[in-house]
Amino acid sequence: MVRSFLSLHVQAPLEAVAAWAEGRTGGTGVYLVPDPPWTSLYHEALEAEEDPEAIRAFLRELSRLGQALAFLVLSEEDLLFLLAEGGEVRAELRAGPELGTALKAPADLAPLLTRAQALPPEHAVRALAARFGLHPDHALLGFADLLEAEEEEGLPEEVVYLE
């Protein structure tokens, strides 16, 4: 099975993220998963659209709560990684046949993003998540993954679902 997914993460408490996300579901589902100091967001509409510009706009707004990350993997071949703070995208990595190639990073992140660009997307996600202290399992999940897990075995109590 070829897999695509989108995960978003912000350094902010679950309660603050839930309040912020309440009006930004786009009429679809959003899962929120706490992993202090991070809260992960899995947004059904953004994942389904696979639109890098929509993800960028959402992440810029999310980053007003704290440092924010986005990982988009398309068909296990393409990777988009974004880092935003204070409403601005500070770093971007694109790699793959559909998304093309781009690298924008501050000096302290440039070596890591350069190495990540040469890795298969899921390995790059793991490396980038580790650098930011984000649990790699949270970075490698998407909305569809959580929906399937909820149907099969249920989700932990601390997971919040918004519509």
For residue 115, state whether it is of a type in the set (Lys, Arg), in contact with a Ser or Thr (Cβ under 9 Å, 6 or more places away or on another chain), open to solvent by 20 Å² or more (accessible area, probe 1.4 Å) and outside any loop (DSSP other than H, G, I, E, B).
no
Looking only at region 49-70, which residues are without any contact (Cβ under 8 Å) to a residue 60 or more places away in the chain, touching a helix residue (DSSP H, G or I) at 6+ places or on another chain (Cβ under 9 Å), under 14 Å from residue 6 (Cα atoms) and of a type in the set (A, V, I, L, M, F, W, C)?
54, 55, 58
Selection from region 34-90 of residues of a type in the set (Ser, Thr, Tyr), in a strand (DSSP E or B) and more than 13 Å from the chain's Cα centre (by Cα) yields none
What number of residues within region 141-159 are surrounded by fewer than 18 Cβ atoms within 10 Å (Cβ to Cβ) and outside any helix (DSSP H, G or I)?
7
Starting from region 21-44, take each residue that is over 18 Å from residue 5 (Cβ atoms) and list its partners that are among the polar types (S, T, N, Q), counting only C-beta distances under 6 angstrom and pairs at least six apart or across chains.
37/11
Would it be correct to say that residue 102 is of a type outside the set (S, T, N, Q), under 20 Å from residue 138 (Cβ atoms), in contact with a Lys or Arg (Cβ under 8 Å, 6 or more places away or on another chain) and surrounded by fewer than 24 Cβ atoms within 10 Å (Cβ to Cβ)?
no
Would you call residue 87 in contact with a Ser or Thr (Cβ under 8 Å, 6 or more places away or on another chain), surrounded by fewer than 16 Cβ atoms within 10 Å (Cβ to Cβ) and closer than 19 Å to residue 11 by Cα?
yes
Test result for residue 134, open to solvent by less than 20 Å² (accessible area, probe 1.4 Å), within 19 Å of residue 11 (Cβ to Cβ) and among the aliphatic types (A, V, I, L, M):
yes
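The values are calculated or read from the model by the stated rules, or taken from the named source; none is laboratory data. Remember, it's a predicted structure, so these values are computed and weren't measured experimentally. Every residue, glycine as well, gets a Cβ built from its backbone with ideal geometry; the counts of neighbours run over all protein chains shown. For the accessible areas, the whole protein counts, side chains as well, though only heavy atoms, and no ligand, DNA or RNA atoms are used. Shrake-Rupley method; radii C 1.70, N 1.55, O 1.52, S 1.80 Å.
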